[in-house]
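Have a look at the structure below before the remarks.
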Amino acid sequence: MRIEEELKLDYSDVLFRPKRSTLRSRKDVNLLRTYRFKYSKNEWSGTPIMAANMDGVGELGIAEILNEYGMITCLTKQHDVKKIKQNKKVKSMFQNIAISIGIKKEDFQNLDKIMKEFNFFKFICIDVANGYSEHFTSFIKSVRDKYPTKTIIAGNVVTADMTQELVLSGADIVKVGIGPGSVCTTRIQTGVGYPQLSAVIECADAAHGLGAHIIADGGCTCPGDVAKGFGGGADFVMLGGMLAGHDEGNGKLVKSNGSKFIEFYGSSSDIANKKHYGGLSDYRSSEGRTVRVKYRGKIKDTILNILGGVRSSCTYVGAPSLKQLSKCTTFVRVSNQYNDTFAK
Ligand code: 5GP
């Protein structure tokens, strides 16, 4: 047994230190980024925030709005040819949609069918809860061999060594985060995890050294956390809970005590397993919870609030663009992130 003594941090453990700035207004902050990906050589420009491939979030209705802001949506794994065909606008938003798959034979077959029908899609997201298996890396290699010009996202991992391994196996973008998610119970069920900000800082450094990119996936509770992800070096920030509860997610609306709620659940929760896989196998336990999110109306308002927050973070630290945010970032460690007297 070994204990690592070095302190690891979550978003809530730090704040940005404000810096002198010549920026006049947050309006002047440019959130657009342009990336060229290591293997696919594809160039992408947009606002590097992503919707997670979770029910109620990774949906085509959400993609339509996010696309207007140059943001990417990772569709849920349940999006097959038939489901994708139902949306007539899909071709016009191909730049900002990722197809998600797991690592089963049927997932590969589903990918092949989708790519045959809609060859214009550019992003493939190979998503597993635990990205530390050999089978996962060999699966990435086979997808890379078959699709040399597609941009491959792979995860999740939380350490530099495995980030490098996934990149060397053919991933253009590594998805980072084990356990920080709003409806994730991995840390409770297994005791496994890594404080998200430190994971982002360490994995970004490893990926950038190899010319690859990372996504900070999970754990954002407010716009400030999104900015902290970028400040820590993330190229993209992926959101689940913060984008849940909106009309466009098509979730189940429930009324209780005069308020409206939308059901939201983890991808490995009981409810998701029942819905998509006919229940949990005996040897597995659920690693996700089901919650009721207060109904939040149109997603556009939430997006504007997030983008406004990130722009403001940039002005406070003197970053004229999102690209410069991490260079302008000094984090101060705190014992209290905010005053929540009236927040509850
Ligand atoms: P959030 O933005 O809600 O904090 O985190 C979203 C991320 O949580 C997703 O992108 C995914 O990586 C992770 N996640 C989603 N569902 C589950 C689940 O059921 N269990 C676990 N362990 N993680 C989940």
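Judged by the mean number of other Cβ atoms found within 10 Å, the most tightly packed of the peptides 292-300, 154-162, 204-212, 231-239 leads the ranking 231-239, 154-162, 204-212, 292-300. The string of couplings for the stretch 161-171 from the Karplus curve (6.51, -1.76, 1.60, θ = phi - 60°) is 4, 6, 4, 4, 4, 5, 5, 5, 7, x, 7 Hz, one whole number per residue in order, with x for Gly and Pro. Here r is the Cβ-Cβ distance between Glu68 and Ser335 and R0 is 35 Å; the resulting FRET efficiency, rounded to 0.05, is 0.30.
Restricting to lysines 8 or more places apart or on different chains, can you count the pairs in the stretch 191-344 with Cα atoms under 13 Å from each other? It would help to have the intermediate numbers written out before the result.
Working: Lys228/Lys327; Lys252/Lys260; Lys252/Lys294; Lys255/Lys294; Lys260/Lys294.
Total qualifying Lys-Lys pairs in the stretch 191-344 comes to 5.
Quick one: Debye curve from the C-alpha atoms of the chain, no solvent, what's log10 I(q)/I(0) at q = 0.11 Å⁻¹? The computed values of log10 I(q)/I(0) come out as -0.70. Amide hydrogen proximity for Ala154: with H placed 1.01 Å from N in the peptide plane, the residues at 5 or more positions away or on another chain lying under 5 Å are Ile126, Ile173, Val174, Lys175. Extending 7 Å from the Cα toward the beta-carbon at both Lys294 and Lys146 defines two label points whose distance is 4.5 nm.
For Leu210 and Tyr277, the difference between the fully extended length at 0.36 nm per residue and the C-alpha to C-alpha distance is 20.4 nm.
Here the stretch 1-157 yields Rg over Rh of 1.04, to two decimals, using C-alpha coordinates and the Kirkwood radius. Rounded, prolate or oblate: which fits the stretch 202-317, taking a ≥ b ≥ c as square roots of the Cα gyration tensor eigenvalues, rounded meaning a/c under 1.5, else prolate when a/b beats b/c? Cα axes put the stretch 202-317 in the oblate bin.
Rounded to the nearest whole Hz, the Karplus-based 3J(HN,Hα) values (6.51 cos²θ - 1.76 cosθ + 1.60, θ = phi - 60°) of the stretch 115-124 follow the sequence 5, 5, 7, 10, 5, 6, 4, 10, 10, 10, with x at glycine and proline. With a cut-off of 11 Å on the backbone N, the residues of the stretch 11-30 near the modelled label site 7 Å out from Gln324 along Cα-Cβ are 21-24, 29-30. When you count the other C-beta atoms within 10 angstrom of each residue and take the mean per peptide, 324-330, 111-117 line up highest first as 324-330, 111-117. Computed extension gain for Lys113 through Asn87, at 0.36 nm per residue and net of the alpha carbon distance, reaches 7.7 nm.
Values quoted throughout were computed directly from the atomic coordinates according to the rules given, and no laboratory measurement underlies them. Since this is a predicted model, take the numbers as computed values, not measurements. With ideal geometry, Cβ positions are generated from the backbone for all residues, glycine too; neighbour counts draw on all protein chains shown.
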